Each structure stands twice: as structure tokens, then as C-alpha cells.
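Since the structure comes first, as C-alpha cells, the remarks are kept for the end.
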Amino acid sequence: MVPKILIIKPSGIGDIVHSLPVAIALKKINPDCRLHWLIFSKFEQLLKNVNYIDKVIQWDRKGGLREYMRVIKLIRSENYDMVIDLQSLLRTAILSFFSGAKEKITVGLTREFSWLFEKPVSKFNPELHAVERNYEIIKYLGGQNLPSPDDLLPWLKITNDEKKITNSAMVGFENNKNLVLFSVGSRGAHKIWPQTHYAKLINLMNERYDITPVFLGSKEESALIEKTTGEINCKSINLAGKTDLRTTLAVIDECCLVIGNDNGIVHMAAALDKPVLVIFGATNPKWYYPYNKKSKYIYKNYPCSPCGIKTFCRDYKCMKDIKPEEVFNFLRDNFENYLK
């Protein structure tokens with residue numbers, strides 16, 4: 001009998017990316033298994049053009065209780081052998097519980113009493129990266145000579161058609177060398193390195209490497225990006241609010257280096273196996289550093305950090321005190337070979 005498995009991981013971008021090795025490894029353990037993924041509709045593009053997911057089930061997060069009940073009914077109709085909840089919240093644990101699956105498992109980091117509805121496969125280990133914490137599922141299920149998550153890179157791939165769309169979006173810069181992507185926004189001011197610091201870093205880099213800065217982000221981040229571009233001494237490409245998730249991935253893939261705050265873009269870049277430098281402050285780099293061997297991070301490690309996403313800090317000293325010259329010197333020492 002071919003097993004039928006559902007992965008529940010509806011959000012957010014970085015968290016979904018950190019779950020991808022589980023799906024890839026499941027297909028390696030059992031290539032014939034039918035693997036489905038439940039995801040919020042706004043993120044479903046992340047799972048397009050991947051050959052290890054057989055079916056994507058979309059969940060409209062804005063649909064309320066009626067949509068939630070529709071999803072429960074749909075999941076039950078699929079008759080899954082196993083449900084793997086990688087979100088481990090109460091709302092996803094209830095979906096797992098009512099799935100009717102023979103086995104319902106989750107990760108060690110259980111929240112909101114989700115452990116009442118499904119089985120954690122291991123105890124929570126605060127020393128593990130989010131990727132490794134998710135990968136405990138694979139270790140629990142077994143398999144011979146399992147690869148490590150970074151051996152499975154790239155977890156995401158770009159099609160030729162997507163590359164063509166990207167080239168049309170970057171008209172006039174197709175032949176530019178040293179396209180460096182800067183992701184200057186994030187969810188919450190406590191995760192954002194100051195805009196003036198980014199501008200100074202870009203100017204320092206341009207003097208040495210003659211770079212072309214590329215900016216990606218949401219429409220809401222356009223003002224922040226425009227302030228940054230107004231202080232730099234070179235031409236740049238500003239695609240804020242102009243790309244969907246697939247085009248964003250293709251733009252990332254065109255760049256030789258990615259520099260940014262802890263956000264979805266830097267984790268997508270790592271999943272594409274691009275060299276990435278992340279500037280950390282409030283969030284824990286031990287859990288969320290860019291997960292590939294080409295990447296690194298900078299972090300002050302003050303006594304008050306990491307304070308987490310729901311911080312009440314208004315000083316952001318842990319980010320402000322990371323100076324542009326410090327980051328530039330770190331780049332020169334660790335990433336110069338990626339700058340042609």
C-alpha cells in the first residue's frame with residue numbers, strides 16, 4: 001500500500017522554507033508516497049514547480065470558521081495514513097486530530113496545548129535550528145543513510161520561464177555584474193537594521209566592488225527602500241511591491257549575494273543555496289540563521305537579546321550598534337569571492 005501523508009505548515013515564508021527538507025526527505029525514504037501540503041493561500045506559490053509535493057491544499061486564512069470547517073472536511077475526505085503538523089499550534093492540531101489519520105505527529109516545540117491532540121516525536125531542544133527541529137520528524141520515521149538537510153539543497157528551484165520574467169523586470173541591468181540583493185525590511189522595527197546603516201554599507205561596497213544594489217520587499221516597505229536609495233551613490237533596481245513570490249525567487253537567484261534582516265527573503269535565498277548575510281538582533285540566530293554552508297550572520301549577543309518577536313523594547317540597541325564598517329569588514333573577509 002502506498003502511504004498518503006499530509007504536512008500541515010500554513011505559514012509564514014521563513015517557517016515554510018525551514019520545513020521543506022522534511023518533504024524532500026520523505027520522498028527519498030519512500031519515493032512512491034503521496035505527499036500533500038496544507039498551506040495558506042497567500043503562500044501557495046512557494047510550493048509551485050517542486051517535484052516532491054504531489055498536491056497543495058490551500059487554506060484561505062481570511063475565510064473564518066466556514067473556511068476552517070471546509071478544510072477539516074476536505075482533509076477527512078483524503079483518508080490520510082499520516083498527518084505531520086509542523087506548525088504545532090492549537091488550530092493546526094485540531095485539524096490533525098479530526099483528519100482521521102492513523103498516525104498524527106508533531107515537532108518537539110508544541111504550543112497552545114497542541115500536544116493534547118497529537119504526538120511530539122521528541123522533546124524540545126533549544127539548541128536546534130528550526131530546520132533541524134523539523135527534521136526530527138524524519139529521524140523518528142527512520143530510513144537508511146539519511147542525508148542532512150543541507151545536503152538536500154537547493155530546496156527550491158527556478159524554471160526557465162520564471163527566469164525570463166525576471167530578466168524583463170530588470171531591463172537595462174541584464175549584463176550588470178555584482179547584483180547584490182538588499183532586503184531592508186522585516187516584520188517589526190526590532191528586526192530592522194537602520195536604513196542609514198544600509199545606505200552607508202552600500203556606498204562602502206560600491207567603492208570597492210562596483211555593485212548594483214537590488215531591492216525587494218512589499219509595497220509597505222517601499223518608503224523605507226526609497227529612503228535608502230536616496231542616500232546611495234550608485235544606480236539601483238527597486239522592485240518593491242512589483243513581484244510575486246515566484247518572481248521574487250527568480251530575482252534572488254540572479255543575485256550573487258543577499259544581505260538582509262531576519263525575514264522571508266533571506267530564508268528563501270538560503271533555500272536556493274545562495275550566499276546570504278543576515279543581521280540579527282531580537283530574534284535568535286541559533287534557531288533562524290540562513291541554513292546553508294555559504295551563509296553567515298552578524299549578531300551582538302547582548303544580555304537582553306534575543307528578546308523574541310513580541311518584544312517591548314523601543315531602543316533596538318542590538319541592531320543600531322552593529323555599524324556599517326563592521327558589516328563591510330565582515331563581508332570583505334567572508335564573501336569577497338562571491339563579488340566578481
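The values are calculated or read from the model by the stated rules, or taken from the named source; none is laboratory data. Everything numeric here is computed off the predicted structure, so don't read it as measured data. All Cβ positions, even for glycine, are placed from backbone atoms using ideal geometry, and neighbour counts span all protein chains on display. For accessibility, only protein heavy atoms count, side chains too; no ligands or nucleic acids. Shrake-Rupley method; radii C 1.70, N 1.55, O 1.52, S 1.80 Å.
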Open item on the list: Which order do the peptides 208-217, 100-109 come out in when sorted by mean C-beta neighbours inside 10 angstrom, highest first?
Closed with: 208-217, 100-109
- [ ] Provide, in order from the shortest bin, the percent of all Cα-Cα pairs of region 184-340 in each 5 Å bin, continuing until the bin that contains the maximum pair distance.
- [x] 1, 9, 19, 23, 24, 16, 6, 1, 0
TODO: Please list the non-local residues whose amide H lies under 5 Å from the amide H of Leu257, H modeled 1.01 Å from N, same-chain partners needing a gap of 5 or more.
DONE: Leu181
Open item on the list: I want to verify the translational diffusion coefficient of region 103-210 in µm²/s; compute it with Stokes-Einstein, Rh as the Kirkwood radius over Cα pairs, at 10 °C and 1.306 mPa s.
Closed with: 84
Task: Potential lengthening between Lys102 and Cys304 on full extension [0.36 nm per residue; Cα-Cα distance subtracted] - done: 68.3 nm
Open item on the list: Explain nothing, just compute: Karplus ³J(HN,Hα) = 6.51 cos²θ - 1.76 cosθ + 1.60, θ = phi - 60°, for every residue of region 181-190 in order, whole Hz, x for Gly and Pro.
Closed with: 8, 10, 10, 8, x, 4, 7, x, 4, 5
Open item on the list: Within 10 Å of each candidate Cβ there may be at most 13 other Cβ atoms; applying that plus a DSSP loop requirement, which trypsin sites (Lys or Arg not before Pro) in region 221-319 survive?
Closed with: Lys235, Lys293, Lys310, Arg314
- [ ] Taking the convex hull of the Cα atoms, report for the chain its projected area averaged over all directions, in nm².
- [x] 17.8
- [ ] Compute the FRET efficiency between Glu112 and Asp60 as 1/(1 + (r/R0)^6), taking r as their Cβ-Cβ distance and R0 = 35 Å, and round to the nearest 0.05.
- [x] 0.95
Task: Between region 261-313 and region 1-76, the Cα center-to-center distance that results, in Å - done: 25
Open item on the list: Relative contact order for region 231-322: what percent, with Cα pairs under 8 Å and sequence separation of 6 or more?
Closed with: 21
TODO: Would you mind telling me which residue in Asp85, Asp150, Asp262 has the biggest mean-square fluctuation in a Gaussian network model of the chain, where springs connect alpha carbons within a distance under 10 angstrom?
DONE: Asp150
Task: Under Karplus coefficients 6.51, -1.76 and 1.60, residue-wise ³J(HN,Hα) of region 77-91 in Hz, glycine/proline x - done: 5, 7, 6, 6, 7, 8, 10, 10, 9, 9, 8, 6, 10, 4, 5
TODO: Let me see the pair-distance distribution of region 167-243: every alpha carbon pair, 10 Å bin width, integer percents in order.
DONE: 19, 52, 26, 2
Task: Three-way shape call for region 34-73 based on the alpha-carbon gyration tensor, with the a/c threshold at 1.5 - done: oblate
- [ ] Could you pull out the chymotrypsin sites (Phe, Trp or Tyr not before Pro) across region 266-340 that fall in loop regions by DSSP (anything but H, G, I, E, B) with no more than 12 other Cβ atoms inside 10 Å?
- [x] Phe312
Open item on the list: Rounded, prolate or oblate, given the Cα gyration tensor of region 271-340, with a/c below 1.5 counting as rounded?
Closed with: oblate
Task: Residue-normalised accessible area of the chain, given per residue in Å² at a 1.4 Å probe - done: 46
Task: Protein accessible area in region 195-340, 1.4 Å probe - carbon and sulfur % - done: 49
Task: Spatial extent of region 1-85: Rg and Dmax, with the Cα atoms as the point set, Å - done: 12.6, 37
TODO: May I ask you to give the average projected area over all directions of the convex hull of the Cα atoms of region 245-308, in nm² rounded to one decimal?
DONE: 4.1
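Percent of Cα-Cα pairs more than 19 Å apart in region 1-145, please.
Everything past 19 Å amounts to 48 percent.
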- [ ] Estimate the FRET efficiency between Glu67 and Glu207 by the formula 1/(1 + (r/R0)^6), using the beta-carbon distance for r and 45 Å for R0, to the nearest 0.05.
- [x] 0.30
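Could you give the size of the charge dipole of the chain about its Cα centre, using +1 on the Cβ of each K and R and -1 on the Cβ of each D and E, expressed in debye and rounded to the nearest 20?
Around 660 debye, computed over the chain.
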Task: Selected from Asn284, Met69, Leu239, residue furthest toward positive end of dipole (the chain; charges at beta carbon) - done: Met69
Task: Mean projected area (nm²) of the alpha-carbon convex hull when region 178-221 is viewed from all directions - done: 3.2
- [ ] Have a look at Ala223, Ile252, Ala269 and report the one farthest towards the positive end of the charge dipole of region 158-272, computed about the Cα centre with Cβ charges (Lys/Arg +1, Asp/Glu -1).
- [x] Ala223
Open item on the list: If you scale each eigenvalue of the Cα gyration tensor by 5 and take the root, what three semi-axes come out for region 45-115, rounded to whole angstrom and sorted largest first?
Closed with: 19, 16, 14
Task: Among Asn261, Asn30, Asn238: highest mean-square fluctuation, GNM of the chain, C-alpha pairs under 10 Å - done: Asn30
